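For reference, the structure is listed below as structure tokens.
Every number here is computed from the coordinates shown, using simple stated rules; none is lab data. As the structure is a computational prediction, the values presented were derived from the model and not from experiment. Every residue, glycine among them, receives a Cβ derived from its backbone with ideal geometry; neighbour counts consider all protein chains shown.
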Amino acid sequence: MSEFLKICSVNDVKTNSAKRFNVNGQEIALFNLNGKFYAIAAHCTHAEGPLDEGFIEGNEVECPWHGARFDITTGKALAPPAPTDVKKYAVIIEGNDVKIKI
């Protein structure tokens, strides 16, 4: 059964940036876009590039290795060479806690 797990506090991820977390063995990139939080799988579907280290523009992140782009809000692959979308995780904020559904 899936549940929401606390992964950090809202102050742990600066505005318009990302941070990687390992949650129950899953690498997750948590993005703070103007105070709203989104979580997707941390690795590009092309060559496992670290999406938390990618260039963020609007609601998109560009993989720093080969330039594949993903929609941070949905996980949808937007540009090659990414062959498929990345997994998206539901995020809730409770007080100052950021929780994701695993």
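Counting only GluC sites (Glu not before Pro) that sit in a DSSP loop (anything but H, G, I, E, B) with at most 16 other Cβ atoms within 10 Å, what is the longest stretch of the chain containing none of them? Don't jump to the answer; show the numbers that get you there.
Working: sites that count: 3, 48.
Counting at most 16 other Cβ atoms within 10 Å as exposed, the longest clean stretch of the chain is 49-102.
Please name which of 83, 43, 21 has its Cα lying farthest along the dipole of the chain towards the positive end, using unit charges on Cβ (Lys, Arg +1; Asp, Glu -1) and the Cα centre as origin.
Final value for the positive-end residue is 21.
For the chain, what is the charge dipole size about the Cα centre, in debye to the nearest 20, if Lys and Arg each add +1 at the Cβ and Asp and Glu each add -1 at the Cβ?
Values: 11 positive and 13 negative charges, 40 e Å.
Roughly 200 debye for the chain.
Quick one: grab Rg to one decimal and Dmax as a whole number for region 42-89, Cα atoms only, in Å.
Values for region 42-89 (Cα only, Rg and Dmax): 8.8, 24 Å.
For region 1-69, rounded, prolate or oblate, judged on the Cα gyration tensor with a ≥ b ≥ c (square roots of eigenvalues), a/c < 1.5 rounded, else prolate if a/b > b/c? Mind showing how you got there, number by number?
Working: a/c = 2.21, a/b = 1.22, b/c = 1.81.
Oblate.
Kindly count the pairs of lysines across the chain whose alpha carbons are less than 13 Å apart, treating pairs on different chains or eight or more residues apart as eligible. Mind dumping the intermediate values first?
Details: 6/99; 6/101; 14/36; 36/99; 76/87; 76/88; 87/101; 88/101.
Number of lysine pairs found: 8.
Give the residues of region 1-29 whose amide nitrogen is closer than 12 Å to a point set 7 Å from the Cα of residue 92 in the direction of its Cβ.
Flagged as within label range: 3-6.
Pull the list of the chain cysteines that no other Cys approaches to under 4.7 Å, Cβ to Cβ.
Cysteines of the chain left without a disulfide-compatible partner: 8.
Just to confirm the filter: which trypsin sites (Lys or Arg not before Pro) across region 1-70 are DSSP coil and have at most 10 other Cβ within 10 angstrom of their Cβ? Please report the intermediate quantities before stating the final value.
Values: sites: 6, 14, 19, 20, 36, 69; in loops: 14.
Passing both the DSSP loop test and the Cβ count: 14.
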